[in-house]
Amino acid sequence: MSSSTAASSSPDLARDTSAELARYSRWALYAGLAVLLAAPFVGLYPVFMMTALCFAIFACAFNLLLGFTGLLSFGHAAYLGAAAYVTGWLVKQAHLPPELGVLAGTAVAGLCGLVIGLIAIRRQGIYFAMVTLAMAQMIYFVFLQAPFTGGEDGLQGVPRGKLFGLLPLEDDRVLYYVVLAVFVAVFLFVIRIVHSPYGQVLKAIRENEPRAISLGYDVDRYKLLAFVLSTTLAGLAGSLKTVVVGFATLSDAHWSLSGEVVLMTLLGGMGTFAGPVIGAFTIIGLQNFLADRVGSWINVIIGAIFVVCVVAFRRGFVGELRAWQQRRRGR
Amino acid sequence: MEIFGIPIQAFLGQLLLGLVNGSFYAMLSLGLAVIFGLLGIVNFAHGALYMIGAYVAWIGLEKFGINYWASLLVAPLVVGAIGVVIERTLLKQLYKVDPIYGLLLTFGLALIAEGVFRDQFGVSGQSYSVPEALSGATNLGFMVLPNYRAWVVFASIVVCLGTWFLIERTRLGAYLRAGTENPALVQAFGVNVPVMVMLTYGAGAGLAALAGVLAAPVIQITPLMGSNLIIVVFAVVVIGGMGSILGSILTGLALGLVEGLTKVFYPEASSIVVFVIMAIVLMIRPAGLFGKEK
């Protein structure tokens with residue numbers, strides 16, 4: 001290693017740097033996983049940790065679309081909310097076991113994603129964001145008026161039940177490890193997708209859509225599949241969240257949540273794997289910590305973080321860290 | 001007298017209400033389109049600026065005794081000045097990056113504005129009384145026309161057409177349109193483009209505030225009134241396409257009418273009808289009714 005830094009031809013250096021970066025990030029991931037595994041034993045409030053993990057899944061799903069495909073959906077809360085309501089209703093009113101409730105909620109979110117995706121991919125760029133926002137608002141109004149959602153009160157008192165009729169989810173620790181397992185699976189799934197040939201095409205679309213078209217890729221189909229994947233995973237997050245907290249309300253489908261997931265991804269670092277997770281924990285932690293202390297100023301603070309991120313911190317935590325390491329190595 | 005089993009008075013009343021809403025859609029989507037044309041930014045804060053306009057009028061009346069007519073001038077100036085400051089300090093830094101960042105930044109600004117007004121005034125609505133000269137109603141024989149609502153429709157159509165004239169028929173408007181096409185070239189001809197951009201954003205903000213003042217007597221003034229409206233206006237903009245000024249005015253008014261009609265015949269769907277129309281238009285004509293196909 002010392003020889004390559006001394007008489008560095010630049011490709012060597014690049015390989016060296018990226019190998020080292022990969023090593024760092026692998027250790028960081030192991031450390032993060034260790035913290036998450038140990039969390040219930042070191043006094044972290046389990047419901048908070050589970051909620052944060054659900055939003056981490058949500059942000060990872062969103063990042064698949066924004067970070068790796070370059071599509072800004074401004075209505076992702078709708079899918080989370082749809083799944084939350086469907087799961088809540090099935091488990092509470094139809095007395096389905098939680099695993100089937102979660103499965104059905106996730107599927108409904110994917111279906112909504114398919115329908116709305118078909119409409120939204122007809123416009124590019126900033127219009128895509130406006131269309132997804134408008135369609136999400138439509139779903140929100142449907143939930144506001146539909147008889148099964150409980151209107152302004154939402155669906156309250158959804159029981160956790162037993163997973164596969166065996167594992168008692170009433171126990172916070174059991175549920176925590178179930179949620180953690182799902183989160184790890186989603187995290188690995190997103191990495192797998194991005195590194196697959198399909199993920200490479202998505203990146204190509206993000207970087208230069210006309211070129212991807214001229215290379216013969218049916219861009220719309222790739223984008224639609226990415227949209228459906230992302231909304232399905234967002235639905236999974238919503239379903240799990242209902243099981244964890246035991247209720248589904250209108251705020252699950254509100255546009256402000258759609259904005260928050262953008263912020264989580266942006267703050268952590270869009271287009272990075274760990275970024276959305278860090279962003280989700282930061283925002284959820286901040287909201288939890290500040291909720292009793294600042295009242296309605298929480299929105300002002302979230303808005304201010306948004307402004308600062310966009311103006312001065314567009315790479316996010318992970319992106320900035322990576323850039324800093326590359327600068328240091330490059331010297 | 002009845003139309004489709006509905007008393008004509010109620011029918012026309014809803015239509016007028018729809019037209020009033022349509023006037024606000026038209027004014028807001030016009031401002032959005034002008035800002036987007038020159039700055040390439042979708043201004044999420046437009047709803048918040050509209051809300052601030054209404055609050056400026058309300059605070060002016062309650063605290064300083066500024067009457068409605070003066071507010072029509074004061075609120076756009078105050079909010080326009082806020083817009084100029086926002087453009088100079090924040091938006092200016094985003095012209096070189098992807099347009100989605102402009103949307104995100106203005107979204108953050110909207111959250112800030114909403115939070116501050118919520119903290120100051122709470123979530124319950126404030127009401128603003130109709131100015132005396134416009135209170136009451138005129139009996140037209142077939143319906144009773146509330147004077148203020150008629151004024152809102154009239155005033156906003158005048159403002160919209162005035163804006164259209166300014167942009168399409170004057171020298172200043174020609175600079176503006178040229179700046180939309182090719183800012184570097186316009187700059188080379190000696191037009192101070194950065195100042196023009198700044199004033200455009202200020203004017204767009206002022207237009208939103210003016211809509212807010214006009215709206216103040218017919219709605220409850222709440223901190224959230226802007227965001228709820230702006231999402232519908234986004235749909236209006238997608239339906240109309242941002243290409244044409246007259247197009248966005250017409251689309252705004254027409255969608256307000258459609259919404260009013262839906263309230264008469266199928267009230268449950270009135271809050272989603274605009275979005276449904278947007279979905280249909282996107283399937284048939286993705287560039288919007290008046291948009292140019294690429």
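For chain A, modelled as a GNM with alpha-carbon contacts under 10 angstrom, which of A:Pro40, A:Pro210, A:Pro168 fluctuates the most?
Among A:Pro40, A:Pro210, A:Pro168, the largest mean-square fluctuation in the Gaussian network model of chain A belongs to A:Pro210.
Enter the angle in degrees (range 0 to 90, nearest 10) between the Cα long axis of helix A:219-245 and the first principal axis of the Cα atoms of chain A, meaning the one along which they spread out most.
Approximately 50 degrees, to the nearest ten.
Would you mind checking A:Lys223/B:Lys96; A:Lys203/A:Lys223; A:Lys223/B:Lys92; A:Lys162/A:Lys241 for any pair whose Cα atoms are more than 21 angstrom apart?
Pairs exceeding the cut-off: A:Lys223/B:Lys96; A:Lys223/B:Lys92.
Just grab the label-to-label distance for A:Leu188 and A:Ala38, each label 7 Å out from Cα along the Cβ direction, in nm (one decimal).
Distance between the two pseudo-spin positions: 2.2 nm.
Between the stretch A:86-127 and the stretch B:172-223, what is the separation of their alpha carbon centroids in Å?
Here the answer is 40 Å between Cα centres.
Under a GNM of chain A (C-alpha, springs under 10 Å), which listed residue has the highest mean-square fluctuation: A:Gly279, A:Gly238, A:Gly154?
It is A:Gly154.
Can you tell which of B:Met242, B:Met283, B:Met225 shows the greatest fluctuation in a Gaussian network model of chain B with Cα springs below 10 Å?
The residue that fluctuates most here is B:Met283.
For helix A:125-145, what angle does its Cα long axis make with the longest principal axis of chain A, in degrees from 0 to 90 and rounded to 10?
20
How far is the Cα center of the stretch B:147-164 from the Cα center of the stretch A:24-46, in Å?
That distance is 61 Å.
Most exposed first by the Cβ proxy, i.e. fewest other Cβ within 10 Å, how do B:Val159, B:Val276 rank?
Least crowded to most crowded, the residues run B:Val276, B:Val159.
Once both axes come from the Cα atoms, what is the angle between helix A:77-92 and the longest principal axis of chain A, in degrees from 0 to 90, rounded to 10?
Taking the Cα atoms of chain A, the angle to A:77-92 is about 40 degrees.
Over what distance in Å are the Cα centres of the stretch B:33-76 and the stretch A:269-317 separated?
29
DSSP H helices in chain B with Cα extent of 20 Å or more along the helix axis and mean Kyte-Doolittle hydropathy at least 0.0?
B:8-39, B:46-64, B:68-89, B:100-121, B:147-169, B:193-215, B:225-240, B:245-265
Add -39500 (n - 2.57) for each DSSP H run of 4 or more in the protein assembly as shown, then divide by its residues: what number comes out at 222 nm, to the nearest 500 deg cm²/dmol?
-25000 deg cm²/dmol
For the protein assembly as shown, just list the percent of Cα-Cα distances falling in each 20 Å bin from zero outward, please.
In whole percents, the pair-distance histogram is 18, 50, 27, 4, 0.
At a 10 Å Cβ-Cβ cut-off, how would you order A:Cys112, A:Cys54, A:Cys309, fewest neighbours first?
A:Cys309, A:Cys112, A:Cys54
For the stretch A:13-84, which trypsin sites (Lys or Arg not before Pro) are in a loop by DSSP, counting at most 10 other Cβ atoms within 10 Å?
none
Test of understanding: ordering B:Val123, B:Val237 by Cβ neighbours within 10 Å, fewest first, what list do you get?
Starting with the residue having the fewest Cβ neighbours, the order is B:Val123, B:Val237.
Read-outs throughout are calculated quantities, based only on the coordinates presented, and are distinct from any laboratory measurement. Values in this document were obtained by computation on a predicted structure and should not be read as measured data. Backbone-built Cβ (ideal geometry, glycine too); neighbour counts: all protein chains shown.
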